[in-house]
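See structure below.
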Amino acid sequence: MNDKMKILSICGSPRKGNSEAIINRLKENFGHKGIENEVILLREKNIQRCNGCVEYCNKYLECCHKDDMLEIIQKMLKANGYVFVSPNYFAMPPGLFKDFIDKCSVLYTSYCFTKKPDLSKKRAIIITVGTDKEFIDACRDYISKWFLETLRIEVVAKKSFLSRSELKGNYNDIFKNKLNSNIDKELEKMANKLCDSLKTVGGVS
């Protein structure tokens, strides 16, 4: 029996701005397709920094911190696909998003010891934004290779968009700054690619 497709979108920006605007535009796109899409703004969550207590997570296969990552990981396990959107900070995601990545290490550790959870049928798209093309591409590729590939999550589309750092209250600047003339079409293509890839995996409709 097919289950309804569920997509979880995670925004790694510490502020309301370009990344969140893109997440919301994609949510509208998924809504038009009748797809369930939940948005998580990491800036609104309590995510404690990983303190490297590998003796604990290796033994119990979970994090010792009882923070909001417990709920986020459960939502990740229930979702079929993901959208990850992040600004670029020195060719890397910001500390907030990096804390989230570090806390996902329990998923990697658990799979190494038990072969569960198997995330190989999950699919994802990645979007990064920033003012320097070389840096935002590097940030995008970092998330793709060193985070998602490590967790065995297949990336079906990734894109970086140029943005302005000073929004001056215009939270939709990414769609108005004329730096990305085809951004709406690009986002629609990425959404379609994610949905199509999930259908081919099977078990969702």
| task | Quickly rank 42-48, 125-131 as a protection proxy: mean count of other C-beta atoms within 10 Å, highest first. | result | 125-131, 42-48
| said: How would segment 77-117 be classified by its alpha-carbon gyration tensor: rounded, prolate or oblate, with rounded meaning a/c under 1.5 and the a/b versus b/c comparison settling the rest? | reply: oblate
| Nonlocal amide H pairs with Ile10, under 5 Å, H built at 1.01 Å | Ile40, Val83, Phe84, Val85
| Relative to the present Cα-Cα distance, how much length would full extension add between Glu55 and Phe113 at 0.36 nm per residue of separation? | 19.5 nm
| request: Distance check, please: which entries in Lys16/Lys189; Lys158/Lys185; Lys16/Lys66; Lys6/Lys116 exceed 18 angstrom between their Cα atoms? | output: Lys16/Lys189; Lys16/Lys66; Lys6/Lys116
| query | Ranked from highest to lowest mean number of other Cβ atoms within 10 Å per residue, what is the order of the peptides 175-182, 23-30? | reply | 23-30, 175-182
| message | For segment 112-188 and segment 63-77, what is the centre-to-centre distance using only Cα atoms, to the nearest Å? | response | 22
| Counting DSSP beta bridges with both ends in the chain, the antiparallel % (nearest 5) | 5
| remark: Among Ala21, Ser163, Leu70, the residue whose Cα sits farthest towards the positive end of the charge dipole of segment 6-201, when +1 is placed on the Cβ of each Lys and Arg and -1 on the Cβ of each Asp and Glu, is Ala21
| query | Is the chain rounded, prolate or oblate when judged by the Cα gyration tensor, a ≥ b ≥ c being the square roots of its eigenvalues, rounded requiring a/c under 1.5 and prolate requiring a/b larger than b/c? | reply | oblate
| note | Under the Karplus relation with 6.51, -1.76 and 1.60 and θ = phi - 60°, whole-Hz ³J(HN,Hα) for segment 165-180, x at Gly and Pro, equal 6, 8, 8, 6, x, 9, 6, 10, 4, 4, 9, 10, 7, 6, 7, 9
| request: For segment 27-36, just list the computed ³J(HN,Hα) in residue order, Karplus coefficients 6.51, -1.76 and 1.60, θ = phi - 60°, integers in Hz, with x standing in for Gly and Pro. | output: 4, 4, 4, 5, x, 5, 8, x, 9, 6
| remark: Interchain or sequence-distant (5+) residues whose placed amide H lies within less than 5 Å of the amide H of Phe161 are Thr128, Val129, Gly130
| request: Could you size up the charge dipole of segment 6-201 around its Cα centre, putting +1 on the beta carbon of Lys and Arg and -1 on that of Asp and Glu, and report it in debye to the nearest 20? | output: 340
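The numbers here are math on the coordinates, done by the rules we state, and not lab data. Because the structure is predicted, anything quoted here is derived from the model rather than measured. Glycine also receives a Cβ, built like all others from the backbone with ideal geometry; neighbour counts cover every protein chain displayed.
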